[in-house]
Amino acid sequence: PLEALVTIGTYVWLMGFLVMVSYSVISYLSLRKRLLIVSPLRENIYLADEITTPFVMGLFRPKIYLPSDMEECEMSYIIIHEQHHIRRADHIIKALAFLALSIHWFNPLVWVAFICSNRDMEMSCDEAVVKKMGDDILADYMDSLLNFSIGKTIVAGVPLAFGEGDTKRRIKNLSHWKK
């Protein structure tokens, strides 16, 4: 009787794992499809017409993708935000965290850890931008966070996006920021 339960449990776990991996692959392919036509801005930074929010993509040679309709004044601090992700290898950490989440999809604590680690990554990059560029960009930066998060869908589990995560909490964190 116990062998039947273990077999059923194994199949349920395998189905959950395959759903998570399939979701990630489909999200990645959908995003790649939107990145067929890009124009290089400089180094590893590209402008794309089909995206609505900036993000980092790629494990070994990460690239920064920005919406082509982005204002010039926003670009400087958004690029710093995304470069901070690359410098800290957040794109690799997030991929490994999603793999762990896919394996342990049934564990609510792993879901909480995944969500909290993503939130912490974003808040840390936000703070790094303000620290580097100064308090005078704080209002514009928070405005950009709002603009990139309102009414836009982000493919969860694939990119590290500028407006990704709990925007309300990120803005609240920045409003309490001190040197």
Taking first residues from the range 134-158 that are open to solvent by less than 30 Å² (accessible area, probe 1.4 Å) and second residues anywhere that are in a loop (DSSP other than H, G, I, E, B) and at pLDDT below 80, the pairs with Cβ under 7 Å that are 6 or more apart or on different chains are L145/G163; F148/F162; F148/G163
Restricting the range 37-58 to residues that are of a type in the set (S, T, N, Q) and open to solvent by 50 Å² or more (accessible area, probe 1.4 Å), the one farthest from A95 (Cα to Cα) turns out to be S39
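So that you can scan it fast, the table gives a plain yes or no per residue for (1) within 20 Å of M121 (Cβ to Cβ); (2) in a helix (DSSP H, G or I); (3) touching an Asp or Glu at 6+ places or on another chain (Cβ under 9 Å):
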position: V12; (1), (2), (3): no, yes, no
position: V25; (1), (2), (3): no, yes, no
position: T53; (1), (2), (3): yes, no, yes
position: L59; (1), (2), (3): yes, no, no
Taking the range 125-145, which residues are small (G, A, S) and at pLDDT 90 or above? A128
When the residues of the range 1-29 are narrowed to those that are surrounded by fewer than 12 Cβ atoms within 10 Å (Cβ to Cβ) and not hydrophobic (A, V, I, L, M, F, W, C), which ends up farthest from the chain's Cα centre (by Cα)? P1
Hey, does the range 70-92 have a residue that's in contact (Cβ under 8 Å) with a residue 24 or more places away in the chain, open to solvent by 20 Å² or more (accessible area, probe 1.4 Å), closer than 21 Å to Y23 by Cβ and hydrophobic (A, V, I, L, M, F, W, C)? yes
Of the residues in the range 61-84, those that are within 16 Å of V129 (Cβ to Cβ) and among the hydroxyl-bearing types (S, T, Y) number 2
Sort through W111, W105 and tell me the only one that's open to solvent by 30 Å² or more (accessible area, probe 1.4 Å), outside any helix (DSSP H, G or I) and at pLDDT 90 or above. W105
Would you mention how many residues in the range 1-59 are polar (S, T, N, Q), free of Cβ contacts under 8 Å to residues at least 40 places away in the same chain and in contact with a Phe, Trp or Tyr (Cβ under 8 Å, 6 or more places away or on another chain)? 1
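The values are calculated or read from the model by the stated rules, or taken from the named source; none is laboratory data. Since this is a predicted model, take the numbers as computed values, not measurements. No Cβ is skipped: glycine too gets one built from the backbone with ideal geometry, and neighbour counts run over all protein chains shown. Ligands, DNA and RNA are excluded from the accessible area calculation, which covers all protein heavy atoms including side chains. Shrake-Rupley method; radii C 1.70, N 1.55, O 1.52, S 1.80 Å.
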